[in-house]
Amino acid sequence: MDAAGSALLIWLINSASPGLLIGMDGIRRWTFQRSFDPAVESPQDYPPERCARIVRDAVGAGELDVDIRSVGSWTMTARTAETYRSGRVFLVGDAAHQFPPTGGLGMNSGLADADNLGWKLAAVLGGYASDTLLDSYERERRPVAVDNARHSMANAVRMAEVGTGPETDGIAALLASPDPVVAAAERRRIAAAIPAQRPHFDALNQEIGYVYGAARHAGGAPLAATDLVGSYGDHVFGGDGHRGWAVRGEDVLDSAPWFSVGTGAISVNSGATDRVACRSWAECPGGATAECR
């Protein structure tokens, strides 16, 4: 739902024109998606007049005024590049990974890729780190993409159980069955499958709960991704001894005055027992090791 209470995703399951409505503004601008067989059809087989009729059939409003702005196609895939770096060339975003849209993880993953690679490039170009720091980009980001692809595919499979997939026509036929017993049974089956769709729409831990490296709590206990969601982490140690939300791969954290934390305070340990709180690395004493609080 958007701020005004309008649904932004509407799945339409019917025998006439099944598909998905995606709200661009939730009021007048929408994208309608439906599947087609590329071995039989192409986007050229969908002129504006046909598309308008498809939308009218989908929503059950034969006189609806529909203005088709554009028609295109895309292929649902789940794939991740084998390597993210070749010399001076780096893959980021859709060039590095492509997921089914079930979960909306593609853009979020791409933005996190850019963030991860961006500060490392700045560190290397600024002389704060060696070129080997850039190798940590693939080491950190590719496993996240692989897991996001897995999660997105699992969402797509579960969505098929409620009628949005290769069995849509069959499920729509059952829902429209002239036998009320058959139609009611199919509705009950779908109703029972709907709660299992929650990971598709409630996946904050999948989006931001990952941890780079073999991280652990200060006490030595393994760190689960869920430990980072919904609360401030206690002193989080990376596999190489660094402390912080993410293992950065080198001692660049200890010597980069340009690096700052956007929100919250940092507790730094500048000696055996000496601690001082600061808001950014520019304020931290030299040689400090960061601890998030």
Whole Å is fine, so just give me how far the alpha carbon centre of the range 11-87 lies from that of the range 157-219.
21
Can you give me the long-range amide H partners of residue 8? Hydrogens built in the peptide plane at 1.01 Å from N, cutoff under 5 Å, separation of 5 or more residues or another chain.
2
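Taking 22 Å as R0, compute the FRET efficiency from the Cβ-Cβ separation of residue 167 and residue 95 and round it to 0.05.
That gives a FRET efficiency of 0.10.
Let me have the relative contact order for the range 83-199, percent, based on Cα pairs under 8 Å that are six or more residues apart.
Details: 94 pairs, mean separation 27.0, N = 117.
Relative contact order of the range 83-199: 23 percent.
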Hey, what do the phi angles of the range 28-35 turn into as Karplus ³J(HN,Hα) couplings, whole Hz, using 6.51/-1.76/1.60 and θ = phi - 60°, x for Gly and Pro?
10, 10, 9, 10, 10, 10, 8, 8
List every residue whose amide H lies under 5 Å from the amide H of residue 30, counting only residues 5 or more places away in sequence or on a different chain, with H placed 1.01 Å from N in the peptide plane.
24
Chymotrypsin sites (Phe, Trp or Tyr not before Pro) within the range 1-107, DSSP loop, no more than 13 other Cβ atoms inside 10 Å:
36, 74
Would you work out the relative contact order for the range 1-111, in percent, from Cα pairs under 8 angstrom that are 6 or more residues apart?
15
Whole-Hz Karplus ³J(HN,Hα) for the range 105-122, in order, using 6.51 cos²θ - 1.76 cosθ + 1.60 and θ = phi - 60°, x for Gly and Pro?
8, x, 5, 4, 5, x, 5, 5, 4, 4, 5, 5, 6, x, 5, 6, 4, 4
With θ set to phi - 60° and the Karplus curve 6.51 cos²θ - 1.76 cosθ + 1.60, what are the ³J(HN,Hα) couplings of the range 168-174 in order, to the nearest whole Hz, using x for Gly and Pro?
4, 4, x, 5, 4, 5, 5
Find the relative contact order for the range 57-113 and round it to a whole percent, using C-alpha pairs within less than 8 Å whose residues are 6+ positions apart.
28
What are the GluC sites (Glu not before Pro) within the range 1-106 that DSSP puts in a loop, where the Cβ has at most 15 other Cβ atoms within 10 Å?
41, 63, 82
Which trypsin sites (Lys or Arg not before Pro) in the range 42-142 sit in a loop by DSSP (not H, G, I, E or B) and have at most 10 other Cβ atoms within 10 Å of their own Cβ?
69, 88
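Here, each number is a calculation from the coordinates, and none is a lab measurement. Since the structure is predicted, the reported quantities are computational estimates derived from the model, not experimental observations. Methodologically, a virtual Cβ is constructed for each residue, glycine included, from the backbone with ideal geometry; neighbour enumeration extends over all protein chains shown.
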